[in-house]
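Each remark here refers to the structure printed beneath this line.
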Amino acid sequence: MGYLGNYTELDVLSPPEEGFPFVSMKGSTDALEDNGHITIDSAHRVAAHYRLEHPTRVLKVQLVDDANATQGFFPYGYLEYMGRNYQSVRGRFSNSTLNGTLYEDTDLTQPREVRPGAYRIRIDALRPLRDPSDPDGYQVWHSSRFIIDAVSLAKNASASTQDDEEDSNDEVFRP
């Protein structure tokens, strides 16, 4: 008994026809519309929802511009050694929330504020037994385009710490 095929080409993320990944406003399951306009503040944040069908050594959740250039990682946007999601209701998917702060490094220690503009979310999941330094080793998903009109971190003081605490209470799997 085993796997018949090339194990290193297995998809890690759920297929889109199963409803994942998708992007919504935090607290909603309604997907953002293509070219939808949003404002990020203490009450409005963008959430990327995804489901892992297979464990992955590296998972990246990034904000990218129209040229597909990375603007930074989401909080909880660079994860290593992620197990697959459970099949039960609790933990059946994971998410990462954009609270107005991005991180420039994989250790998530160099924060910077998101600037208004047109963006997509890109999720990169390393396929089984692939080299993390090889860009072709990742399954890549891009969200539809959305436009951030404004970011108000003044109302969202200590946004990163505050949201990390709030998001840890979500009923989804967190490593």
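The values are calculated or read from the model by the stated rules, or taken from the named source; none is laboratory data. Remember, it's a predicted structure, so these values are computed and weren't measured experimentally. A quick note on method: Cβ atoms are made from the backbone with ideal geometry, for glycine too, and the neighbour counts reach across all protein chains shown. The accessibility values were calculated without ligands, DNA or RNA, using every heavy atom of the protein model including side chains. Shrake-Rupley method; radii C 1.70, N 1.55, O 1.52, S 1.80 Å.
Observations on the model:
- Pairs meeting the criteria (first residue in segment 1-22 and over 11 Å from R51 (Cβ atoms), second residue assigned to a loop (DSSP other than H, G, I, E, B) and among the hydrophobic types (A, V, I, L, M, F, W, C), beta carbons under 6 Å, at least 6 apart or on different chains) are T8/L129.
- Condition broken by Y76, with the remaining ones in (1) aromatic (F, W, Y); (2) under 15 Å from the mean Cα position of the chain (by Cα); (3) modelled with pLDDT of 95 or more; (4) open to solvent by 40 Å² or more (accessible area, probe 1.4 Å) satisfied: (3)
- Only listed residue being modelled with pLDDT of 95 or more, polar (S, T, N, Q) and in contact with a Lys or Arg (Cβ under 6 Å, 6 or more places away or on another chain), chosen from Q62, Q71: Q62
- Residue within segment 52-63 that is under 16 Å from I121 (Cβ atoms), touching a residue at least 60 places away in the same chain (Cβ under 8 Å), surrounded by 11 or more Cβ atoms within 10 Å (Cβ to Cβ) and of a type in the set (S, T, N, Q) present: yes
- Evaluation of D105 against the conditions (1) surrounded by 13 or more Cβ atoms within 10 Å (Cβ to Cβ); (2) in a loop (DSSP other than H, G, I, E, B); (3) modelled with pLDDT of 95 or more shows that the sole unmet condition is (1).
- Residue under evaluation Q87, criteria (1) polar (S, T, N, Q); (2) open to solvent by less than 80 Å² (accessible area, probe 1.4 Å); (3) at pLDDT below 95, criterion not met: (2)
- Failed item, numbered, when T109 is tested on (1) more than 27 Å from T8 (Cα to Cα); (2) in contact (Cβ under 8 Å) with a residue 60 or more places away in the chain; (3) not aromatic (F, W, Y): (2)
- Filtered residues of segment 1-18 (kept if within 15 Å of the chain's Cα centre (by Cα), in a loop (DSSP other than H, G, I, E, B) and not β-branched (V, I, T)): S14
- Segment 1-28 - residue that is touching a His at 6+ places or on another chain (Cβ under 8 Å) and among the charged types (D, E, K, R) and, of those, most open to solvent (accessible area, probe 1.4 Å): D11
- In the set (1) more than 19 Å from H142 (Cα to Cα); (2) modelled with pLDDT under 95; (3) surrounded by fewer than 19 Cβ atoms within 10 Å (Cβ to Cβ), the condition left unmet by A31 is number (1).
- In summary, G2 fulfils each of the numbered conditions (1) more than 22 Å from L79 (Cβ to Cβ); (2) modelled with pLDDT of 90 or more with the single exception of condition (2).
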